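Values in this text are rule-based calculations from the coordinates and carry no lab data. The structure displayed is predicted, hence computed values, not measured ones. Neighbour counts are summed over all protein chains in view; Cβ atoms, including those assigned to glycine, are modelled from backbone coordinates with ideal geometry.
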Ligand SMILES: CC(C)(COP(=O)(O)OP(=O)(O)OC[C@H]1O[C@@H](n2cnc3c(N)ncnc32)[C@H](O)[C@@H]1OP(=O)(O)O)[C@@H](O)C(=O)NCCC(=O)NCCS
């Protein structure tokens, strides 16, 4: 699919600003590397924390769009001026195969933006976009996997109405720990 230029949007809450979602660009490398220098992101993700690795990661996201298998978005909080702020998080629709009924989602939030519903609202928006875009070609199920002891991620899944359906045993090297599988079906 052509990389979209229009932003997706999540509404504001009484205590947190609206969000916009847009594809990552090569210009995000320095900011992304800075966000990656965070203990929680090091523990739970493989996000780069140097600019060279961040640039490589950004190229992979671009290729994901071009190859129709992975659709990654930078999440930005809308500033009081109405302009989008710097990246505050990431959501991704991944493991997409043409015509397949199932795909997966993932997310993280920058340390400075946690606790404001960024991940759960962005995941809602991504989920709506995914079903709207891909249901006509057969998508009916989205899956989310997190390590059992990642309780904040479990809460994000619940808030975005992904139901806990299964416990997945460790599968080293990619999944060294037990995981929770959450699923959301096309309504
Ligand atoms: C998990 C993560 C994405 C949450 O991002 P966020 O934008 O702060 O999420 P939200 O604000 O939408 O919701 C977080 C929820 O988890 C709760 N939470 C936060 N830390 C928690 C903890 N240690 N234990 C239990 N719940 C926790 C919050 O209270 C909130 O729930 P509430 O709204 O009912 O109060 C973020 O902490 C993160 O990026 N962590 C590192 C990367 C990661 O784990 N990614 C997911 C991999 S599967």
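Per-residue ellipticity at 222 nm from helix content only, as computed over the chain with -39500 (n - 2.57) for each DSSP H run of at least four residues, stands at -9000 deg cm²/dmol. Straightening the chain between residue 16 and residue 45 buys 8.0 nm, computed as 0.36 nm per residue apart minus the Cα-Cα spacing. Comparing 174, 128, 50 in a Gaussian network model of the chain, where Cα atoms under 10 Å apart are tied by springs, the biggest mean-square fluctuation is seen for 174.
Stretched out straight at 0.36 nm per residue, the stretch from residue 34 to residue 187 would grow longer than its current Cα-Cα span by 51.3 nm. With all pairs of different C-alpha atoms in the average, the Kirkwood value for the hydrodynamic radius of the range 33-95 is 12.9 Å. Calculated from the alpha-carbon coordinates, the range 1-112 shows an Rg and a Dmax of 14.3, 41 Å respectively.
Take the Cα of residue 164, step 7 Å toward its Cβ, do the same at residue 145, and the gap between the two points is 1.8 nm. Treating the chain as a set of equal point scatterers at the Cα positions, no solvent, please give the Debye-formula log₁₀ I(q)/I(0) at q = 0.12, 0.15, 0.16 Å⁻¹. Scattering profile of the chain, log10 relative to I(0): -0.56, -0.91, -1.06.
Peptide packing: for 37-49, 136-148, the average count of neighbouring Cβ atoms within 10 Å per residue gives the ranking 136-148, 37-49, highest mean first. Here is the size of the range 123-186 from its Cα atoms: Rg then Dmax, 12.8, 36 Å. Listed peptides 152-158, 22-28 appear in the order 152-158, 22-28 once ranked by packing, highest mean of other Cβ atoms within 10 Å at the front.
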